[in-house]
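First the structure, in the form of structure tokens, and then the observations on it.
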Amino acid sequence: MRLAKHLAHAGVASRRAAEALVAEGRVTVDGGVVLDPARDVDGSEAIAVDGEAVRQPGRRVVYALNKPAGVVSTARDTHGRPTVVDLVPGERRLYPVGRLDAESTGLILLTDDGELAHVLTHPRFEVPKIYRARVAGHPGPRALRALREGVDLEDGRTAPARVRLLHGGDLEITIHEGRKRQIRRMLDAVGHEVLSLQRTGFGPLTLGGLAPGRHRRLGAAEVAALREAGRRR
């Protein structure tokens, strides 16, 4: 197995982040620094990141969390703000699958399975994410059509989104990209400021009745469904 993939399976980081750790010279194999994330390892080696030994991959866990506003989607925060990891106590080294900005609420996943995190977040796999947005004003046909066809942002045109106008004027928007503050920027581009934003679904999972700030561990069937969502592409 390639070194970066081994680190991801061991829960150190996502595969992409693991590749960066190796390239930065922070990973050693049998005491020597390795700079090639594609180096093959068989698990018998002594592998360490920043001097800390990496445990052998075991059974991975995935949690669903209903993120409240004001909580940041990182494992740690240099400004001392509460993080999503703080809300799922335990001994495992978890990290969030993708991000929600601090003001947004709703479904976010945390795991120690880097390979699964890669599949769920890489645009190539097109795993859908569903949001409910309350906006200023009343989006008309032109704004809805623009969202459905793709919106020009400073980092490029967005892929077409699925959009439904809900009772009360809220919007349900489904995307499979993961750009920074993407939904907010899309809606701003069509003239509607976001007043509140909640993620209600991720792949086959929905927020359901999970209360704000609460979490639950996913069952084996739910994790299998997440993996399958990435394999369909």
Tally up the residues in the range 198-228 that are under 14 Å from the mean Cα position of the chain (by Cα) and hydrophobic (A, V, I, L, M, F, W, C), please.
3
Check whether at least one residue in the range 212-229 is exposed (fewer than 13 other Cβ atoms within 10 Å of the Cβ), of a type in the set (Asp, Glu) and farther than 27 Å from ALA17 by Cβ, and report yes or no.
no
Any residue at all in the range 89-109 that is in contact (Cβ under 8 Å) with a residue 40 or more places away in the chain, more than 29 Å from GLY213 (Cα to Cα) and under 19 Å from the mean Cα position of the chain (by Cα)?
no
Please return the ranges of strands (runs of 3 or more DSSP E) entirely within the range 125-229 where 3 or more residues are polar (S, T, N, Q) and either in the same structural domain as LEU110 (by TED's automatic domain parsing) or under 24 Å from LYS67 (Cβ atoms) (or both).
194-202
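Yes/no per residue for (1) among the charged types (D, E, K, R); (2) within 30 Å of HIS9 (Cα to Cα); (3) touching a strand residue (DSSP E or B) at 6+ places or on another chain (Cβ under 7 Å):
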residue: GLY114; (1), (2), (3): no, yes, no
residue: ALA143; (1), (2), (3): no, no, no
residue: ARG157; (1), (2), (3): yes, no, no
residue: GLN182; (1), (2), (3): no, yes, yes
residue: THR200; (1), (2), (3): no, yes, yes
residue: ALA220; (1), (2), (3): no, yes, no
residue: ARG227; (1), (2), (3): yes, yes, no
Just need a number here: residues in the range 166-197 that are surrounded by fewer than 14 Cβ atoms within 10 Å (Cβ to Cβ) and over 21 Å from the mean Cα position of the chain (by Cα).
6
For the range 205-233, which residues satisfy the criterion of being closer than 26 Å to ALA133 by Cβ and in contact with a Pro (Cβ under 9 Å, 6 or more places away or on another chain)?
PRO212, GLY213, GLU222, ALA225, LEU226, ALA229
The residue that is surrounded by the most Cβ atoms within 10 Å (Cβ to Cβ), considering only those in the range 113-160 that are among the acidic types (Asp, Glu) and more than 13 Å from VAL97 (Cα to Cα), is GLU126
Run ARG157 past the list (1) of a type in the set (Lys, Arg); (2) in contact with a Lys or Arg (Cβ under 8 Å, 6 or more places away or on another chain); (3) at pLDDT 95 or above and report the number of the one that doesn't hold.
(2)
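Criterion first (surrounded by fewer than 14 Cβ atoms within 10 Å (Cβ to Cβ) and either in contact with a strand residue (DSSP E or B) (Cβ under 8 Å, 6 or more places away or on another chain) or not β-branched (Val, Ile, Thr) (or both)) does ARG60 satisfy it? Give the derivation first.
Values: surrounded by fewer than 14 Cβ atoms within 10 Å (Cβ to Cβ): no; either in contact with a strand residue (DSSP E or B) (Cβ under 8 Å, 6 or more places away or on another chain) or not β-branched (Val, Ile, Thr) (or both): yes.
No, not satisfied.
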Residue in the range 38-50 that is in contact with a helix residue (DSSP H, G or I) (Cβ under 8 Å, 6 or more places away or on another chain) and touching a residue at least 60 places away in the same chain (Cβ under 8 Å) present:
no
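The values are calculated or read from the model by the stated rules, or taken from the named source; none is laboratory data. Just so it is clear, the structure is predicted and the values come from calculations on it, not from any experiment. Note: ideal-geometry Cβ built from the backbone for every residue, glycine included; neighbour counts use all protein chains shown.
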